[in-house]
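This report refers to the structure that appears directly beneath it.
The values are calculated or read from the model by the stated rules, or taken from the named source; none is laboratory data. Keep in mind that what you see is a predicted model, and the values were worked out from it rather than measured. All Cβ positions, even for glycine, are placed from backbone atoms using ideal geometry, and neighbour counts span all protein chains on display. The accessibility values were calculated without ligands, DNA or RNA, using every heavy atom of the protein model including side chains. Shrake-Rupley method; radii C 1.70, N 1.55, O 1.52, S 1.80 Å.
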Amino acid sequence: MNSEMSPSSHLPGSIEVERKFVPGPEVEKSLCALGAELVEEITFRDSYYDSPDLRLTLNDIWLRRREDNWELKHPPQRGTRGLNGASTQYMELTSSDDIICRVSEELGVPCPRNIESFGLNEFASFVTRRRRFQLPLGENSKTKVVVDLDEADFGFAVGEVEVLVKTQEEVEDAFKKLEEICRLLGVFRETPVQGKVSTYLKMNRAEHYRQLLEAHVI
C-alpha cells in the first residue's frame, strides 16, 4: 500500500476492497468446500457515463446507472488510483446529492438539479447475470467476504472477491484476506485480472481503453 497516503482513519463511507479472478469450472465446488452460501442470483444492466474529454474515467472515477439507481466509485484518497497490485479499493457513493457534488467538482461546473443535467455521454452499457456467495465468518471476525460470479452479455465472465472496511488502516489486511481466499479457491494470480468495463472498452472503444492504460487507471 502507498505509504504516502494521508493517515485518515474514519472515512465518510465504506471502502470496497476487491480482487478479480478468472472463474474456472471448479470454482463453485471450491466455494462449497469453504462453506460458502449462495445468497443471491440477479440480473442487471449497468450503463457508464463520462464527459466528452473523459475527465472522470481518466481520473479513475466511475459513474454508472445500475437499472434506475446512480452510483459513483472513486479511490479513497484524491490523486491516487484504485488499483493496488492485483486488488482494488474504492469508495462508493449512492446518494444523488453526493454524486452531483463530486462530479461537479471533477468537471469544474456548478451543481445541476440532477445527474442527467450534466449532459454526459454513455460509453458502455451491458447486462450482467450475477451469482453471489457469502463465505462463513472467520473466528473472531465480523468482516463479511462475498464472492460474485458474473457473466456479461458480451461474452465475458469474471469473479470478484470483495470485503468492505471502514478505515484506510484496514485495507492492507483486506488485501491479504482477498489473496488468501483466491489461493483457497485455486484462482490466485499475481497480476490484475481485468473487469467487465475495461474488457468492454477493449472490445468496443479501443481509443478510450488506450487512454486509460496510458493514465495507469487500468
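Brief remarks follow.
- When the stretch 76-94 is filtered for residues that are among the hydroxyl-bearing types (Ser, Thr, Tyr) and touching a residue at least 60 places away in the same chain (Cβ under 8 Å), the ones remaining, listed by number, are THR80, SER87, THR88, TYR90.
- Residue check, GLN194 open to solvent by less than 90 Å² (accessible area, probe 1.4 Å), outside any helix (DSSP H, G or I), more than 19 Å from CYS32 (Cα to Cα) and not aliphatic (A, V, I, L, M): yes
- The condition (being open to solvent by 20 Å² or more (accessible area, probe 1.4 Å), within 16 Å of SER30 (Cα to Cα) and either of a type in the set (A, V, I, L, M, F, W, C) or part of a helix (DSSP H, G or I) (or both)) is satisfied by just one residue among LEU184, LEU178: LEU184.
- For the stretch 140-169, the set of residues classified as part of a strand (DSSP E or B), open to solvent by 20 Å² or more (accessible area, probe 1.4 Å) and farther than 22 Å from PHE44 by Cα consists of LYS166 only.
- Under the condition of being open to solvent by 40 Å² or more (accessible area, probe 1.4 Å) and of a type in the set (A, V, I, L, M, F, W, C), the residues counted in the stretch 12-36 number 4.
- Given (1) more than 30 Å from GLU169 (Cα to Cα); (2) assigned to a strand (DSSP E or B); (3) open to solvent by 40 Å² or more (accessible area, probe 1.4 Å), number of the condition VAL39 does not satisfy: (1)
- So ARG102, is it open to solvent by 20 Å² or more (accessible area, probe 1.4 Å), of a type in the set (Lys, Arg) and part of a helix (DSSP H, G or I): yes
- Qualifying residues in the stretch 202-212 (those that are aliphatic (A, V, I, L, M) and surrounded by 12 or more Cβ atoms within 10 Å (Cβ to Cβ)) - the one farthest from the chain's Cα centre (by Cα): MET203
- Top-ranked residue in the stretch 76-94 [being of a type in the set (Val, Ile, Thr) and under 23 Å from PHE175 (Cβ atoms); ranked as surrounded by the fewest Cβ atoms within 10 Å (Cβ to Cβ)]: THR80
- Residue match in the stretch 152-164 (condition: at pLDDT below 95 and either within 18 Å of GLU92 (Cβ to Cβ) or not basic (Lys, Arg) (or both)): yes
- ASP97 vs. criteria surrounded by fewer than 14 Cβ atoms within 10 Å (Cβ to Cβ) and among the acidic types (Asp, Glu): yes
- SER104 vs. criteria more than 17 Å from TYR200 (Cβ to Cβ) and modelled with pLDDT of 95 or more: yes
- Residue list for the stretch 115-132, restricted to those being within 17 Å of SER47 (Cα to Cα), open to solvent by less than 60 Å² (accessible area, probe 1.4 Å) and either out of contact with any Pro (no Cβ under 9 Å at 6 or more places or on another chain) or free of Cβ contacts under 8 Å to residues at least 12 places away in the same chain (or both): ILE115, GLY119, PHE123, ALA124, SER125, PHE126, VAL127, THR128, ARG130
- The stretch 46-75: number of residues that are touching a residue at least 60 places away in the same chain (Cβ under 8 Å), open to solvent by 20 Å² or more (accessible area, probe 1.4 Å) and within 13 Å of the chain's Cα centre (by Cα): 1
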